[in-house]
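Written below as structure tokens is the structure these notes are about.
The values are calculated or read from the model by the stated rules, or taken from the named source; none is laboratory data. All of these numbers come straight from a predicted model, not from anything done at the bench. We place every Cβ from the backbone using ideal geometry, glycine too, and count neighbours over all the protein chains shown.
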Amino acid sequence: MAGIVDLIVAKRDGRQHTEAEIAWIVDNLAAIPDYQLSAWLMAVVCRGMSEDETTWLTDRMARSGEMLDLSGVPGPRVDKHSTGGVGDKVSLVLAPMVAACGATMAKLSGRGLGHTGGTIDKLESFAGFHADLAPEQFRDQLSDIRVAIASQSSRLAPADGRLYALRDVTGTVESAPLICASILSKKIAAGADVILLDVKTGAGAFMPTEEAAAELAGLMQRVGRRLGRNIVCVVSEMGQPLGRAVGNAIEVEEALETLSGRGPADLRELCLILGSLLLEAGGVEQDPERARERLERSLADGSALAKLGELIEAQGGDAGWLDDPTRLPHARASELLLARQGGFVQVIDARLVGAAAADLGAGRQQKGDPLDLSAGIVLLAKMGDRVEAGQPLARLLTGDPDRLPVALGRLEAAFQIGPSPVAPPALVKRVFKAQAAPETAPTRDHGDPWTALPGRQGLELPGNR
Ligand code: URA
């Protein structure tokens, strides 16, 4: 077997790895130093992987830890994952909402990645909350309260933990095969029957164009099928941040607002669309309209918010904070970004907003950096809004005032204001429904390089906000 240097060189020169080589890399992740692993990741970003390589990598990463058997847990067992966005706090709302409606949400989540935020970091805004659940705790909690959100760990998809932390800080996130393997390895290890992937597109997404996002959705569906999993994919908007809050504790506050029946319209709408797809795919409701009504009821009657309380408490957090969000981490320093001119907000570049939030302390610059959970940005105007010169566009929050100038400069560049009105973009662009999964698990054929074909069953949806 070739060593890691040979494998880096092979990938750098555009050669395809064998299944045995991929297995060797995954099995030896703990022993390969960061600098060599980073070089290999960069070679994959630049040279890509075939669909076979991606399938082998996904499969091996899923099996790097325990594969959960949820057969004793009440169904339908569902899971959802986003490819990464800015202000994307959907999981904080969606997980308790679908659990309150009778599905079981068995979710393995990630931390912040590149300029995007992560569900686990956000949940750690609740003092005492822990996400490193042992597999048996995860299963028991699902049986008890129908919802659990765990991080990958030394027992669950550990290979993803090793690669994810490095990709976060080495510019090696934007790669369809690496994103596919990272997400699907967690989803497959976590054992849900229904998997919904929210593939983001736009400036703040890892796949900036709709075509690239559709290609990623198609790849994940095909790899999922080869590994015996049926996957529903949605391609959704991430040109501007979702909702108004970008950070950690402030995103939790916005999620609490939404679970209380208020919250920003785009966040609420996306949660209702994704929730309906999950309830439908899980067989809880056959009719999408009835599924939506049921989800709306869970927001109106407080059952979804109560479910979040059960989740926080079960995982060691202080659920009393749900009634009093002022107890969440609060920033010491703040500053307003003011509009230099009047007009209509044409663009809010989500990538720049995410990077500015990281400048304030909400994201990591180096592996293992602690986060300032209070840091972030609140958007006071969104795309299409009319603003006057001098009107506040955003509020910046941080525990460290020295961070404000750099973040302010970056955030200012995120906004474009012009004279003509613009319509906000459609929130959901396409839905790729699941196809019947094959009876057998992974195929082991060779060849068949990844041709990046868009999924063929994409459905256009009307715009919404
Ligand atoms: N979320 C993940 O878990 N992994 C990625 O690579 C991107 C988003």
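Here are a few things to note about the model shown:
- Residue list for segment 107-121, restricted to those being in a strand (DSSP E or B) and near the ligand (Cβ under 9 Å from one of its atoms): 108, 109, 113, 116
- Looking at 301, 266, 318, just one residue is closer than 26 Å to residue 398 by Cβ, out of contact with any helix residue (DSSP H, G or I) (no Cβ under 8 Å at 6 or more places or on another chain) and assigned by TED's automatic domain parsing to the domain that holds residue 192, and that residue is 266.
- Verdict on residue 185 being closer than 18 Å to residue 79 by Cβ, out of contact with any Lys or Arg (no Cβ under 7 Å at 6 or more places or on another chain) and within 12 Å of the ligand (Cβ to nearest atom): yes
- The set of residues from segment 168-189 being part of a helix (DSSP H, G or I) and at pLDDT below 95 comprises just one member, 168.
- Residue check for residue 272: in contact (Cβ under 8 Å) with a residue 12 or more places away in the chain, under 20 Å from residue 141 (Cα atoms) and out of contact with any strand residue (DSSP E or B) (no Cβ under 6 Å at 6 or more places or on another chain): no
- Segment 315-335 - residue that is surrounded by 20 or more Cβ atoms within 10 Å (Cβ to Cβ) and in a helix (DSSP H, G or I) and, of those, modelled with the highest pLDDT: 322
Conditions tested, residue by residue: (1) touching a residue at least 12 places away in the same chain (Cβ under 8 Å); (2) within 16 Å of the ligand (Cβ to nearest atom); (3) surrounded by fewer than 19 Cβ atoms within 10 Å (Cβ to Cβ); (4) in the same structural domain as residue 108 (by TED's automatic domain parsing).
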site	(1), (2), (3), (4)
135	yes, no, no, yes
139	yes, no, no, yes
144	yes, no, yes, yes
147	yes, no, no, yes
152	yes, yes, no, yes
155	yes, no, yes, yes
164	yes, yes, no, yes
